[in-house]
Amino acid sequence: MKEELKILPKHIGFIIDGNGRWAKERGLPRSMGHDAGMKNLDVVIKECFYTYGIKTVSLYAFSTENWNRPKKEIDFLIKCFRKYLNKSFVERYPKVKLNIMGDYTVFPQDLVENAKRTIEETKNNTEFVLNLGINYSGQDEIVYAVNKIIKSGEKEVSRKTIEDNLYTACQEPLDFCIRTSGEQRISNFMLWQISYAELYFPKTYWPDFGKKDLFLALKEFEKRDRRFGAIKEEK
Ligand code: FPP
C-alpha cells in the first residue's frame, strides 16, 4: 500500500477519541474501550513508523482537562500508561525516541521512573520520534516555553525562541492531524505546531481505526493542496 502513496506527512498527530462510545455501543464499561484503544495504538503507531516511514508521530492520550473524569477511569488510564511505558517499550519500538509532552511527574512514582528511564534509553535514537501527550495542554505548553525564555534572561520572544522551547524543540511542525470519532475540534492539542497542518476527522471510533483507515487517511492527505498561505504561480 505504501508504494501507492507519493506524498507522506513527516509528522502526523492523533487525537484519540471515541473509546468510551465504542465501549458503550457494545454494552461494555468505558475501561474496555480504553483497553481496546491502547491495543490499537500499537498497531497504528507501528504502521506509521515501520510501514510508512513517517518520522514523527504525536499522540494526545490525556489532557490536563481529563483529570475531571471519574477517579475509576483515571486510575484505569494511569494503569494503561504504566503498561505502555514499561521496560519492554525499547523492544516494542526499535529506533524510536520517546518524548513526553506535558508534566508527567504528577503521575505515580513508579510510572515516572519508568518514563524517565525509557526517555533516557531512547534519547539517541534518530530515526523516529514518538511524542506522547499525557497531562498535556497546548496552551500550557506555550506558556511553559515563554517562561523558560524569560528565565533564560531574554527580553523578547520570537517565533524561533518559542519553537526552540516547546516540548517538540528541533522537530518538524505537524503536517497532518487525525481526530477519530467524528468530533471536529482540536481541543488544545499542539496549538503552535498545528498551525499549517491538514486536519482529518473520520467518523470511526479510535479502537476501530485500523491499518486500512490509516491508509485512506494518508491517501486523503496526499490529495490536499498545501499552500501555506501562498498562491500557486499561474502558468
Ligand atoms: C478518548 O476517548 C480517549 C482518552 C481520553 C484516553 C486515551 C487513552 C488511552 C487509549 C490509553 C492508553 C494511552 C497510552 C498513550 C498508553 P473518550 O474516552 O473521550 O471517548 P468518548 O468521547 O467516546 O467518551
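The values are calculated or read from the model by the stated rules, or taken from the named source; none is laboratory data. In this text the structure is predicted, and so the values were computed from the model without any measurement. Here the Cβ positions follow ideal geometry from the backbone for every residue, glycine too, while neighbour counts run over all protein chains shown. Accessible surface areas use protein heavy atoms only, side chains included; no ligands, DNA or RNA. Shrake-Rupley method; radii C 1.70, N 1.55, O 1.52, S 1.80 Å.
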(request) May I ask for the Kirkwood hydrodynamic radius of the chain, worked out over all distinct Cα pairs and given in angstroms to one decimal? (result) 18.7
(message) Tell me which of 22, 62, 188 sits at the most positive position along the dipole axis of the chain, charges placed on C-beta atoms (Lys, Arg +1; Asp, Glu -1).
(response) 22
(request) Using only protein heavy atoms and a 1.4 Å probe, report how much of residue 152 is accessible, in Å² to the nearest 10. (result) 80
(message) Could you report the range 133-235's accessible area per residue, 1.4 Å probe, as an integer in Å²?
(response) 61
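Only Lys, Arg, Asp and Glu count, each charged at its Cβ (+1, +1, -1, -1), so figure out the dipole size of the range 1-123 about its Cα centre, rounded to 20 debye. List each step's numbers first, then the result.
Numbers: 23 positive and 16 negative charges, 20 e Å.
Using only the charged Cβ atoms, the result is roughly 100 debye.
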(request) Using just the helices of the chain, give the 222 nm mean residue ellipticity in deg cm²/dmol: DSSP H runs with n ≥ 4 each add -39,500 (n - 2.57), and the total is spread over all residues, rounded to 500. (result) -11500 deg cm²/dmol
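Evaluate E = 1/(1 + (r/R0)^6) for residue 25 and residue 79, where r is the Cβ-Cβ distance and R0 equals 30 Å; express this FRET efficiency to the nearest 0.05. Provide the component values of the computation, followed by the final result.
Values: r = 23 Å, r/R0 = 0.77.
Given R0 = 30 Å and the Cβ-Cβ separation, E is 0.85.
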(request) Identify all aspartates and glutamates with a Cα-Cα distance to residue 219 below 13 Å; exclude those on the same chain that are fewer than 8 residues away in sequence. (result) 3, 4, 198
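How large is the accessible surface per residue of the range 27-129, computed with a 1.4 Å probe and reported in Å² as a whole number?
Values: 5090 Å² over 103 residues.
Accessible surface, normalised per residue, equals 49 Å².
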(request) Write out the trypsin sites (Lys or Arg not before Pro) in the range 25-96 meeting two conditions: DSSP loop, and at most 15 other Cβ atoms within 10 Å of their Cβ. (result) 26, 87, 95
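Suppose every K and R has +1 on its Cβ and every D and E has -1 on its Cβ; what is the size of the dipole of the chain about the Cα centre, in Debye to the nearest 20? Before the final figure, lay out each step's value.
Numbers: 40 positive and 34 negative charges, 75 e Å.
The calculated dipole for the chain is roughly 360 debye.
If the limit is 19 Å between Cα atoms, which of 55/79; 10/203; 83/211; 95/212; 46/83 go over it?
Numbers: 55/79 28 Å; 10/203 24 Å; 83/211 23 Å; 95/212 24 Å; 46/83 17 Å.
Over 19 Å apart, Cα to Cα: 55/79; 10/203; 83/211; 95/212.
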(message) For residue 86, project a label point 7 Å along Cα to C-beta. Then give me every residue of the range 96-138 with its amide nitrogen under 18 Å of that point.
(response) 108-119
